[in-house]
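Encoded as structure tokens, the structure appears first; notes follow it.
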Ligand code: BGC
């Protein structure tokens, strides 16, 4: 007996001294950390294994779920326990326990077993909270202001409600949405840190609400809620001309607060006829035009219980639908980087301008002291003109102007509420006294996506290009992927989004961002399957069906599936994907789609003086046929993943016909395309439109064309993303590098040399003589050409997925250009994948990180295996690194998780 006790103590001691070699962290529910307001009945769980050992794979997991934190380790009270489940799945494991209830909070944790015989401890608990699952769970009523609105300026309506908590508070959750944008305060404090809520969706079909834990904002006793609304995307000016009131002309609020007391009882405070309304300091607010805030109209303390609201009007309740309310799936817009003025100066025209040093999207925060009635006007611009003056012609009709009128109090602080600007420069008018750097701050706003990618090199201009790509993404991922963030446009252009989606998925976690937007694509898809130019569709049903734009319906779901391994987006989008391909089929005659309007290879190279025909025009129907084939191929891939064999057969037959029709119509017997442009060859090669025997010669033609332009690209929106990929695939990485490194127009580095801090809409937005392209179409923050980022991560650093979501990884760096080192890291659901390479005196060092529960094939640049060492040892002696072959200058090595250092000559 004593021996047994001794043994147990001894064992415990060993366990204590030797911590588990594997642990679990980064728990996600529906790809988010502790999300509130989930309305998926079987939310999926993801976790990361943490281990510094090599070759770690999960062999089993155990998940437990409870509706209370304290009951999580009590087996009897669990809602769901998987027990030990043999599986290597650590990403998107669906909940399969008892039915989840509206508004309820659930806790979960997980532990894992690995192939090295380790059992982790239980992870730290995480939670998620369900949203309001049925429209009948909404007891709140839609309310509108009870006064007659000034229909010209449309000042923001303010609402308030005083209430009493009768017992001791335990927790409180607020569910809020609106027609228009909302900002809510409880007891004078802002609810949450999300901006431009409820975000932008196809409002009449899908309206998001947000859920907030507001326990800490409430007090025992008297409380007050204050809410302000802004016109936003709902009824503000959108698109061109006098286009407004797209979703309706009146703003409305829907608010429901569930308070839980310590005795377990609950109470609801809802928007209803007992609320009051008034106007306040926000005299007008528009996304394009900016905000007018008259602080003399401030209603001090209006969102606190002690405020006297006797002069406020009542509200009107409305019977607006609640059946289309959905919880928020993507990350809300939040504040991010803060910029201090880099320079305050006078332009040649004498205007006072602040340079923030970065073209960004957000707004300026103002701190000022002055007299009552002093009026400060902040105008926003992206660039200065040739003479150094403030330039706003490219904003078209968007005013981008915030005006603040002082109330004369001590120090006044202001930031706008329901608007955002795209700018680097701010013109300041009417500032009382001397403007100092501490008076202004620029704040970047964007969807709160987790940064996932780093890419840096030995080349300063390429690093700046990467910076510009990332800032193009930040500035245009405000709830919806937009073309640009500054002029009277800022719309969810489908083409731009599909072109950039793969790059976006390297830089940031965009799984939920696109999952949400794709649902709007499906919601706004036309009955005949055509896909609108912009989503949400604010341009009407006739603006639809352009090749390369509408294909966002198929391309983005597939790209997201590859990047995140999340089948759900394929399942959700499948009907829409099918409908889009069906539309193209219907439009075709003899499998050739050569009708309708198309934007084509938008903004391709076109010299001003084009007498000898240098413009890189590509036949639009040739492009349409290529994308028809590509989307059909993606249908085959998707049907395969989803196990829809009949569709695999159907689309395989269709694809052959589409390619045959292409050959017949657009390819000469000698393999020349009817359009000799780079884009034509790039698309034909990238989408495998040509038979094997014509591919090499076509690639040569492509290279010849590039040389004919003195080694410059000429591609527009549709050719650009694939250009360098095609060159690499056909053995011309050296040419791809020359294009990447090119500093003269048209090239990626030309704008960088011109001082760009974001990606430009046009290759020559600003010409070498510093004059501008036509103002009607000249954004300096347009991410589409930033699609080269995909090639930089995928080919230059060489990080690619073999199995979706990086369960199996390919690391295949391409050493070249003038680069002496490259370092790229990608945060995947499994953990960090890294590929860092450097070249020194003919020796290549490649440092690779492979996260636990994955494995990789590394393409080590070397002629022979004997030339390779790993962490100083001959590769052949390294356990767990298996040489599988040789291929075009690489030795392929299979490895498991861990850190590896390969050196080769
Ligand atoms: C947008 C583009 C968009 C295009 C359609 C423009 O006004 O800014 O990025 O894709 O229209 O060609």
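Any read-out appearing in this document is the output of simple, stated calculations on the displayed coordinates, not a laboratory observation. Here the structure is a predicted model, which is why all the values come from computation and not from measurement. Heads up, the Cβs are rebuilt from the backbone with ideal geometry, glycines too, and the neighbour counts pull from every protein chain shown.
Odds and ends about this structure:
- Projected label distance in nm at residue 34 and residue 463, using a 7 Å step from Cα toward the beta-carbon: 3.6
- Shape call, the range 563-603: gyration tensor on alpha carbons, a/c limit 1.5: oblate
- The range 317-371-the range 869-903 distance, computed between alpha-carbon centres (Å): 50
- Here the ratio of the Cα radius of gyration of the range 571-680 to 2.2 N^0.38 Å is 1.24.
- Here, the range 743-875 has an Rg and a Dmax of 19.0, 61 Å when only alpha carbons are counted.
- The calculated P(r) of the range 63-111, using every Cα pair and 10 Å bins from 0, goes 25, 55, 20, 1 in percent.
- Working from the Cα coordinates of the range 631-727, the gyration tensor eigenvalues give, after taking √(5λ), semi-axes of 28, 16, 10 Å in decreasing order.
- Its relative contact order, with pairs defined as Cα atoms under 8 Å and 6+ residues apart, puts the chain at 10 percent.
- Were the residues from residue 298 through residue 708 laid out at 0.36 nm apart, the gain over their Cα-Cα distance would be 141.1 nm.
- Cα gyration tensor shape for the range 28-87, rounded if a/c is under 1.5, else prolate or oblate: oblate
- 13 Å tail of the calculated P(r), the range 191-236, as % of Cα pairs: 68
- Between residue 81 and residue 222, the C-beta separation translates, for a Förster distance of 35 Å, into a calculated FRET efficiency of about 0.20.
- Gyration tensor (alpha-carbon) shape descriptor, the chain, a/c threshold 1.5: oblate
- For the peptides 389-397, 143-151, residues were scored by their other Cβ atoms within 10 Å and the scores averaged per peptide; the highest-first order is 389-397, 143-151.
- Inverse of mean 1/r across different Cα pairs in the range 680-746, Kirkwood, Å: 11.9
- Cα convex hull volume per residue for the range 291-421 (Å³): 209
- Among 521, 674, the order by Cβ neighbours within 10 angstrom, fewest to most, reads 674, 521.
- Packing-based order for 793-803, 866-876, 52-62, 625-635, using average beta carbon neighbours within 10 Å, highest first: 625-635, 793-803, 52-62, 866-876
- Long-range tail of P(r) for the range 189-269 (Cα pairs > 14 Å, %): 71
- Legend: Rg and Dmax of the range 479-539, from Cα coordinates, 11.7, 35 Å.
- If you look at the Cα atoms of the range 245-323, you get an Rg and a Dmax of 16.4, 50 Å.
- Highest mean first, the peptides 676-686, 878-888 sorted by other C-beta atoms within 10 Å per residue fall in the order 676-686, 878-888.
- Applying Stokes-Einstein at 10 °C and 1.306 mPa s to the Kirkwood radius of the range 164-321, computed over alpha-carbon pairs, gives a translational diffusion coefficient of 94 µm² s⁻¹.
- Taking every DSSP beta bridge that has both ends in the chain, the antiparallel portion is near 95%.
- Using 0.36 nm per residue and subtracting the Cα-Cα separation, the extra length available between residue 543 and residue 168 on full extension is 129.4 nm.
- Summarising the label geometry, the points placed 7 Å from Cα in the beta-carbon direction at residue 832 and residue 769 lie 5.0 nm from one another.
- Model label sites at residue 665 and residue 41, defined 7 Å from Cα along the beta-carbon direction, differ in position by 4.5 nm.
- Ratio of Rg to Rh over the range 98-223 (Cα coordinates, Kirkwood Rh, two decimals): 1.09
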